[in-house]
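K.L.:
Quick one: this structure, given as structure tokens, is what I'll be asking you about.
The values are calculated or read from the model by the stated rules, or taken from the named source; none is laboratory data. The structure presented is a predicted model; accordingly, all values stated were derived computationally and were not measured. Note: ideal-geometry Cβ built from the backbone for every residue, glycine included; neighbour counts use all protein chains shown. Note: accessible area is taken over every heavy atom of the protein model, side chains too, but ligands, DNA and RNA are not part of it. Shrake-Rupley method; radii C 1.70, N 1.55, O 1.52, S 1.80 Å.
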Amino acid sequence: VTYKAPKGTHDILPDESAAWQRLERTVRSVMDRFGYDEIRTPLFEETTLFTRSVGETSDIVKKEMYTFTDKKGRSLTLRPEGTAPVVRAFVEHHLGRGRDLTKLYYVGPMFRYERPQAGRFRQFHQFGAEAIGSADPAVDVDVILLFTRILEEAGIAGLSVALNSVGDAACRPRHVAAIREALAPRRDALCPDCQERLERNPLRILDCKVPSCRELAEAIPSAIDFLCDACRAHEAAVEAGLAAVGVPFRIDKSLVRGIDYYTRTAFEIHHGALGAQNALGGGGRYDGLAAELGGPPTPGIGFAAGMERILSVLDKPATPRLPMVAILSHDAEGEAVARRLLYKIRTVTRAEHFGGEGNITKKFRKANDTGARLAVILFKDEIEDARKGVLTVKDLSGGVQEQEKQRKRSEEEFMTDLRDLVKREG
Ligand code: AMP
């Protein structure tokens, strides 16, 4: 048998890791400056956490969850998204106690049983942030700016912020009634799922992925046209806040997020290269979520960004590496000294040992192939010196060099040289 990574998953190979690490560093650095602390929740949760929050009629819950039963018969689900787990943890650990606003972020894998296609995976990665405790539209603005700042610092130009309001419990009923009214005559043109949604939760029709439903959805009334006064004022304040900072945005009346818990602000960030269907990420307000999960009523807002999507529009950086030191030996005595030096030099930088009784020129060539800058020579004549703490060091950076270029350095001086070299190269 031969094995492959499961359908819809992908290995992140060594030549891609530098890009992932760079993006993660950017995320952590900006989150820190915006005052967000990291939270790490389990990769699986009780299934009902998601059915209650994301919603029974959402695509995620209906089709995309990795749900399994454990040995005690409990139903568990690999997390398809990060907000419900974070809010669950917020409620469980009373993280809001003594604070007006709790600002949390996460980075990690999510799992959705999707039909694999370009930019869609079954295991993918998100980073996201949640600001829990305030209904102030200034927080919405701050969360959107946090997201744009991360993307900018990650190196993405040409961002576009799409903004909408999906209303709240006060104005939603009028919107839902208007959707029902608009779609009732076209019921037969909807997919079977959407026919059910028309009864149970017409809002979810707006994010159906079936093309014919998409077409119908374009014609149905938008939430933003049905806002109550409070939601309208909130929406206007978010617009004004973004305008004040000078971050460009556009109102997208058709923007809905495929999750039930959203209220008021909904937003997505797109990038030209990916097309309108493929957002880098999105988010919104979820003022009813904490209460839905059994906590005290606590407003909140957050976003999630797809890391594979973001990386797909960025150039691959070279892997930043520490300078390499090669240690060359030729016999058992040299080998013993080499082992000790290897362990010591690796406190400071990278080091590899090229030993055994093979051809010396070949050893130098192998050392050069690893990009070694310096070599410590431990052939016959050099071992005695090395035992006394005097190393024979050859500079390899100019390629193959003559024997005269060897220098004697005390072991301590050599270690200091290495530390300086590492520091100089940042
Ligand atoms: P969502 O939570 O569905 O709004 O997703 C937020 C972001 O995560 C999206 O804009 C995508 O960038 C990314 N994303 C969502 N689902 C997937 C998936 N199946 N594969 C890859 N990226 C995804």
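K.L.:
The conditions are (1) assigned to a helix (DSSP H, G or I); (2) open to solvent by less than 90 Å² (accessible area, probe 1.4 Å); (3) without any contact (Cβ under 8 Å) to a residue 60 or more places away in the chain, and GLU412 fails exactly one of them. Which is it?
P.N.:
Condition not satisfied by GLU412: (2).
K.L.:
Somewhere in segment 216-223, is a residue loosely packed, with under 14 Cβ neighbours inside 10 Å, of a type in the set (D, E, K, R) and more than 11 Å from the ligand (Cβ to nearest atom)?
P.N.:
Scanning segment 216-223 turns up at least one residue that is loosely packed, with under 14 Cβ neighbours inside 10 Å, of a type in the set (D, E, K, R) and more than 11 Å from the ligand (Cβ to nearest atom).
K.L.:
Collect the residues in segment 259-283 that are modelled with pLDDT of 95 or more, near the ligand (Cβ under 9 Å from one of its atoms) and small (Gly, Ala, Ser), keeping them in residue-number order.
P.N.:
GLY281, GLY282, GLY283
K.L.:
Please go through segment 302-321 and give me each residue that is at pLDDT 95 or above and touching a Ser or Thr at 6+ places or on another chain (Cβ under 8 Å), ordered by number.
P.N.:
Scanning segment 302-321 gives GLY302, ALA304.
K.L.:
Restricting to helices (runs of 4 or more DSSP H) lying wholly in segment 233-347: which have 2 or more residues that are over 30 Å from ARG365 (Cα atoms)?
P.N.:
Where helices (runs of 4 or more DSSP H) fall fully within segment 233-347 and carry at least 2 residues being over 30 Å from ARG365 (Cα atoms), they are 289-292, 307-312.
K.L.:
Across segment 297-312, what is the total count of residues that are touching a residue at least 60 places away in the same chain (Cβ under 8 Å) and either away from the ligand (no atom under 16 Å from the Cβ) or more than 13 Å from the chain's Cα centre (by Cα) (or both)?
P.N.:
Matching residues across segment 297-312 total 5.
K.L.:
Could you figure out which of (1) of a type outside the set (Asp, Glu); (2) away from the ligand (no atom under 16 Å from the Cβ); (3) in contact (Cβ under 8 Å) with a residue 12 or more places away in the chain isn't true of SER53?
P.N.:
Among (1) of a type outside the set (Asp, Glu); (2) away from the ligand (no atom under 16 Å from the Cβ); (3) in contact (Cβ under 8 Å) with a residue 12 or more places away in the chain, SER53 violates only (2).
K.L.:
Considering segment 243-290 alone, what residues qualify as being of a type in the set (S, T, N, Q) and within 22 Å of ARG112 (Cα to Cα)?
P.N.:
Across segment 243-290, the qualifying residues are GLN277, ASN278.
K.L.:
Something else about it: Residue by residue through segment 227-269, note down the ones that are surrounded by 15 or more Cβ atoms within 10 Å (Cβ to Cβ), within 26 Å of the chain's Cα centre (by Cα) and basic (Lys, Arg).
P.N.:
ARG257, ARG264
K.L.:
Could you please find all residues in segment 56-89 being assigned to a loop (DSSP other than H, G, I, E, B) and either surrounded by 22 or more Cβ atoms within 10 Å (Cβ to Cβ) or without any contact (Cβ under 8 Å) to a residue 60 or more places away in the chain (or both)?
P.N.:
Answer for segment 56-89, where residues must be assigned to a loop (DSSP other than H, G, I, E, B) and either surrounded by 22 or more Cβ atoms within 10 Å (Cβ to Cβ) or without any contact (Cβ under 8 Å) to a residue 60 or more places away in the chain (or both): SER58, GLU64, MET65, ASP70, LYS71, LYS72, GLY73, ARG74, ARG79, PRO80, GLY82.
K.L.:
Let me ask something else about it. Return yes when GLY389 is at pLDDT 90 or above, under 22 Å from THR349 (Cα atoms) and open to solvent by less than 70 Å² (accessible area, probe 1.4 Å) and no when it is not. Before you say what the answer is, go through the steps one by one.
P.N.:
Numbers: at pLDDT 90 or above: yes; under 22 Å from THR349 (Cα atoms): yes; open to solvent by less than 70 Å² (accessible area, probe 1.4 Å): yes.
Judged against the criteria, GLY389 is a match.
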